[in-house]
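This report concerns only the one structure given below.
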C-alpha cells in the first residue's frame, strides 16, 4: 500500500491531511507542555527532561511502527522522504540552531504551539525565524557552494554503517531506555526550578 | 474555582505518553503522505512568497528563491504552511481546554520581559538561519529524519542538541 | 509507578528484537536494501555532471578491432550483451553474446547480470542508438565497466566482411590492419569477396550467420573460409 498519496489517494487530499495532522501535532505538543520555553530548555540545564523523553519516545515508536508496517508490506520505507545527508551543512546548521534554541527557548514547531496559546515570545521567535530565513536567502550566493557540498545522498544509518536496520533499531531503543533512566536519576539530584 | 484553574494550568501529560502519541502521528503522516512533519519550511515559504510578490525580478535572480518555483510550484501553498496552520489550531484547542490561552510573555523572574522578547527574536533569527543550512528543524529534519533512520536526520539531531548543550552555559541567566 | 515504567521500557526493546528475528520476507527493508534496487539509487549513482563528461568521452566505446581481439582470444572477462529482440538474436549474434532485449534491461534478473562487476560489459545492437541509450540508463544507475560497440553490428560486419583495401601509398600498418581484418572475417566465417577457395579448403567451423548456433571458436586465425554463401546479416535494416 505504501504511502497513500500519490497513488491511492489523490494529491488534493494532501493539504487537508496537512491541516489535520498539524492539529494533532499541535494538540499533543501543547498538552505535553511544549509551548513553554522554560520547560523546553530544561533539558539543557537539567531540571526538566520532557524534551528528551518526548523526542526519543516519538522517534522509536515511529521507527518501530514503520518498520513493522514495512515488513508486512503496508508501506514502502524506501519511498519515504528522508533527509539527504549533506554532512557539513547539517552540522553547521545544527550548531547554529542549537545556539538559537538556548537563546530563544523554542524551536519552530514549539514556537508555533506557543503562538497558538498566545505567548508573545513565541510571536517574536517566529518573527526571528522569518528574519533569519530572509538573511540567509539574501546571502545565499555566498553559501551556495557550501550548501551543496558533502552530499552523501538519501542514505540511512544502517545502510551507511552496513548493519541490519532492525538491530540498529534495537540498539537505539536500548540507548533511549538507558537515557531515560539516567535522566531520571539526574533529575532527582538537580534543584528543581519553578516555572 | 481559581484554585482548580491554576492546578490545571501546569498539569501536562506524561512525556512518555506525549511521545508515544507523537510517534503514532508520525506513522500516520508517513503512511498517508510519504513525508514527515516539519515547521521551518513554512517560514521559508512565507519569506519566498513575500519576496516574490514585492520584488519579483530579485527573486528570480536569486538561486535560493528561484529554486522554489521550479516546476510551477507555488511556495505559499506548501504542505508545511497548511500543517503549521493546523498546529496553531491544535495548540489553541488544547490550551483552551486547560485554561492556558491568554497573551503573555513567559520569562524567568530574573530577567525582564523585554529582554526575553529580544532574545526570542535573536534566537529565532539564529534558528531560521541555521535551519536553512540543514534544510529542516528539530521536527522536520531531526524527528522525521530519525523516524526513517535517515543519516541526515541523526546528524541533525546530534548537532542541534549538541550545539545547544555547548552553548547552554553561556545563557543560563536567561532561564535559571 | 516504577513497575509500570519498567514494563513500558521493555516493550520497545522486545518489539525491535522481534523485528530483528523475523524471517526475511522478500519485501522487507533488509533484502530491499541489499538489492541494488534502482529505487534506492535516488541520490546515488553518477551525478549529471559526471555523466555528461563520460558521455562525451570516447572511452565508452569499444572499437570493432578491439572487440574482435576479445572474441578471438575468448577473453573471459568480457560479457557481450545483445540488446536486440530474441528473434534477431536467434538468427545470428556475436559469439558468446547473451541476449537481453533492451526493453527488459531493468528487470531484476537482468540487473543481476551487472551486479557482480566482474565482467567488462559490451553493449551492442545493430546500430549505436539503442546501446547508447542503455549505456546512459545503466551508467546513471551507477553500473560500471560498460562499453558500447562503436558502429554496432552494422559496422562490425562491414569491417570484416569487406575490409577497406589500403591504397598503395598507405603505411605498412594499414596493410597489417587489412590482413588482420580479413583474418578476423575468415575466423568468424565471413566470406571474403576477394578469395575463392576451391572445395576441400580447410575446415572451418560454420559461422553463426548460417546456423544461428554459437560456435566454439578455434583459435585458427588463418583458416580459409568455406564457400558457403551465408544468409546476409540482417543487420542492415535497423530502425533508428
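The values are calculated or read from the model by the stated rules, or taken from the named source; none is laboratory data. In this text, all values refer to a predicted model and were calculated from it rather than measured experimentally. Cβ: placed from backbone, ideal geometry, glycine included. Neighbour counts: every protein chain shown.
Assess whether residue A:128 counts as being touching a helix residue (DSSP H, G or I) at 6+ places or on another chain (Cβ under 9 Å), within 30 Å of residue B:105 (Cα to Cα), at pLDDT below 95 and facing another protein chain (nearest Cβ under 7 Å).
For residue A:128, the condition - touching a helix residue (DSSP H, G or I) at 6+ places or on another chain (Cβ under 9 Å), within 30 Å of residue B:105 (Cα to Cα), at pLDDT below 95 and facing another protein chain (nearest Cβ under 7 Å) - is not met.
I'd like to check something: does the stretch A:146-156 contain any residue that is without any contact (Cβ under 8 Å) to a residue 40 or more places away in the chain and within 7 Å of chain B (Cβ to nearest Cβ)?
No.
Give the residues of the stretch B:63-76 that are surrounded by fewer than 20 Cβ atoms within 10 Å (Cβ to Cβ) and either in contact with a strand residue (DSSP E or B) (Cβ under 7 Å, 6 or more places away or on another chain) or facing chain A (nearest Cβ under 7 Å) (or both), sorted by residue number.
B:63
Taking the conditions exactly as written (part of a helix (DSSP H, G or I), within 29 Å of residue A:6 (Cβ to Cβ), free of Cβ contacts under 8 Å to residues at least 24 places away in the same chain and facing chain B (nearest Cβ under 7 Å)), does residue A:109 satisfy them or not?
no
Take residue B:106 and tell me if it is touching a strand residue (DSSP E or B) at 6+ places or on another chain (Cβ under 7 Å) and either under 21 Å from residue B:52 (Cα atoms) or at pLDDT below 90 (or both).
Yes.
Just give me the residues in the stretch A:167-182 being closer than 20 Å to residue A:55 by Cα, in contact with a helix residue (DSSP H, G or I) (Cβ under 7 Å, 6 or more places away or on another chain) and either crowded, with 16+ Cβ neighbours inside 10 Å or free of Cβ contacts under 8 Å to residues at least 12 places away in the same chain (or both), in sequence order.
Listed by number, the residues that qualify are A:168, A:169, A:170, A:172, A:173, A:174, A:176, A:177, A:180.
Picking from A:93, A:73, A:122, which residue would you name as being outside any loop (DSSP other than H, G, I, E, B) and either within 30 Å of residue A:185 (Cβ to Cβ) or more than 7 Å from chain B (Cβ to nearest Cβ) (or both)?
A:122
Name, by its number, the condition in (1) part of a helix (DSSP H, G or I); (2) crowded, with 21+ Cβ neighbours inside 10 Å that does not hold for residue A:48.
(1)
Residue C:144 passes all but one of (1) under 16 Å from residue C:184 (Cβ atoms); (2) surrounded by fewer than 16 Cβ atoms within 10 Å (Cβ to Cβ); which number fails?
Of everything listed in (1) under 16 Å from residue C:184 (Cβ atoms); (2) surrounded by fewer than 16 Cβ atoms within 10 Å (Cβ to Cβ), residue C:144 misses just condition (1).
Condition check: assigned to a helix (DSSP H, G or I) and at the interface with another protein chain (Cβ under 8 Å from one of its Cβ atoms). Does residue A:195 satisfy that?
Judged against the criteria, residue A:195 is not a match.
It is to be established whether one or more residues within the stretch B:143-150 are part of a loop (DSSP other than H, G, I, E, B) and surrounded by fewer than 21 Cβ atoms within 10 Å (Cβ to Cβ).
No: zero hits.
Yes or no: residue A:63 touching a residue at least 40 places away in the same chain (Cβ under 8 Å), in contact with a strand residue (DSSP E or B) (Cβ under 9 Å, 6 or more places away or on another chain), within 7 Å of another protein chain (Cβ to nearest Cβ) and crowded, with 23+ Cβ neighbours inside 10 Å?
Against the criterion (touching a residue at least 40 places away in the same chain (Cβ under 8 Å), in contact with a strand residue (DSSP E or B) (Cβ under 9 Å, 6 or more places away or on another chain), within 7 Å of another protein chain (Cβ to nearest Cβ) and crowded, with 23+ Cβ neighbours inside 10 Å), residue A:63 does not qualify.
Pick from the stretch A:76-90 the residues that are part of a loop (DSSP other than H, G, I, E, B) and closer than 21 Å to residue B:129 by Cβ: which of them is farthest from the other protein chains (Cβ to nearest Cβ)?
A:84
So is residue A:83 over 15 Å from the mean Cα position of the chain (by Cα), buried (at least 24 other Cβ atoms within 10 Å of the Cβ) and within 22 Å of residue A:173 (Cα to Cα) or not?
no
Looking at (1) in contact (Cβ under 8 Å) with a residue 40 or more places away in the chain; (2) crowded, with 24+ Cβ neighbours inside 10 Å; (3) assigned to a helix (DSSP H, G or I), find the lone condition where residue A:35 falls short.
With (1) in contact (Cβ under 8 Å) with a residue 40 or more places away in the chain; (2) crowded, with 24+ Cβ neighbours inside 10 Å; (3) assigned to a helix (DSSP H, G or I) applied to residue A:35, the lone miss is (3).
Please work out if residue B:140 is in a helix (DSSP H, G or I) and at the interface with another protein chain (Cβ under 7 Å from one of its Cβ atoms).
Against the criterion (in a helix (DSSP H, G or I) and at the interface with another protein chain (Cβ under 7 Å from one of its Cβ atoms)), residue B:140 does not qualify.
Of all residues being under 19 Å from residue B:128 (Cα atoms) and more than 7 Å from chain A (Cβ to nearest Cβ) in the stretch B:77-97, which is surrounded by the most Cβ atoms within 10 Å (Cβ to Cβ)? Just the residue, please.
B:80
So, in the stretch A:1-32, how many residues would count as being within 7 Å of chain B (Cβ to nearest Cβ) and not in a loop (DSSP other than H, G, I, E, B)?
19
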